[in-house]
Amino acid sequence: MQPGHHVLITAASSAVGLAAIQIANQIGAIPLAVTRRPAKADTLLAAGAAAVIVTDHDDVVEATHRHTNGAGADIILDSVMGPGLAELAGAAKRFSGTLVTVGWLDPRPAPFPASPITMIRYMSFEHTLDPTAVQRIAAFLTAGIRTGALHPTIDTVFTLDDIVAAHHHLEQGHHIGKIVATI
């Protein structure tokens, strides 16, 4: 990711999505947040998204091209996968876009994109096996925390006694950021 890159972030109201918005802003990239719920748009803009694409109302590919003056996203960070993956790839910058999948929130099959893009499937913590990478990551995150560019977003805190309520809150999908249970 480079300054000025357009970064399309699916599941943007999740903890990973919010962190991606913060990291994009820290680098000087332009985060475009994708969410299903219109009620989350203002919160995502307040969290630093340059624009919000609401999939209940917007076509992701068309909206991405509109927000990038027709170029498409340089990077797509996708936590959803599922059947929409091939279409999502159409939002990438042609021939130089990168699609990074980091989760699989939609368990249905994900068709392989036909678009000419680079795909990276992030599977686990393999980057922690490289001491140099660990140092670079730690320095980047420490600088972001120190400057206030990076901060965790906590939606609601529940006690362990209220774990059933925490699960109901999670299942409703209205949260933004992490749901925390204290012991």
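The values are calculated or read from the model by the stated rules, or taken from the named source; none is laboratory data. Fair warning: this is a prediction, and the values are worked out from it, not measured in the lab. Don't worry about glycine lacking a Cβ; one is built from the backbone with ideal geometry, like all the others, and counts go over all protein chains shown. Quick note on the areas: whole protein, heavy atoms, side chains included, nothing else; ligands and nucleic acids left out. Shrake-Rupley method; radii C 1.70, N 1.55, O 1.52, S 1.80 Å.
At q = 0.21, 0.26, 0.28, 0.34 Å⁻¹, what is the base-10 log of I(q)/I(0) for segment 108-148 according to the Debye formula with one equal point scatterer per Cα and no solvent? Please give it to two decimals.
-0.79, -0.91, -0.97, -1.11
Let me make sure I get this right: for segment 1-77, a, b and c are the square roots of the gyration tensor eigenvalues over alpha carbons, sorted descending. Under 1.5 in a/c it's rounded, otherwise prolate if a/b > b/c, else oblate. Which is it?
oblate
Of all accessible surface on segment 32-71 at a 1.4 Å probe, what whole percent is carbon and sulfur?
Taking all protein chains in place, segment 32-71 shows 49 percent carbon and sulfur surface.
Computed over the Cα atoms of segment 109-183, what is the ratio Rg over Rh, Rh following Kirkwood?
Using Cα coordinates only, the ratio equals 1.11.
If you average over every viewing direction, what projected area does the convex hull of the Cα atoms of segment 44-129 give, in nm²?
Taking the Cα atoms of segment 44-129, their convex hull projects to 6.7 nm² on average.
Quickly work out the ASP59-to-GLN2 label distance, labels modelled 7 Å from Cα along the C-beta direction, and quote it in nm with one decimal.
3.0 nm
Running Debye on the chain with equal point scatterers at the Cα sites and no solvent, what base-10 log of I(q)/I(0) appears at q = 0.15, 0.18, 0.20 Å⁻¹?
Once normalised to I(0) and log-transformed, intensities are -0.94, -1.29, -1.47.
Over what distance in Å are the Cα centres of segment 116-150 and segment 21-74 separated?
One Cα centre to the other: 22 Å.
Probe radius 1.4 Å, ligands and nucleic acids left out: which of LYS178, LYS93 has the largest accessible area, and how do the rest follow?
Ranking LYS178, LYS93 by accessible area, largest first, yields LYS178, LYS93.
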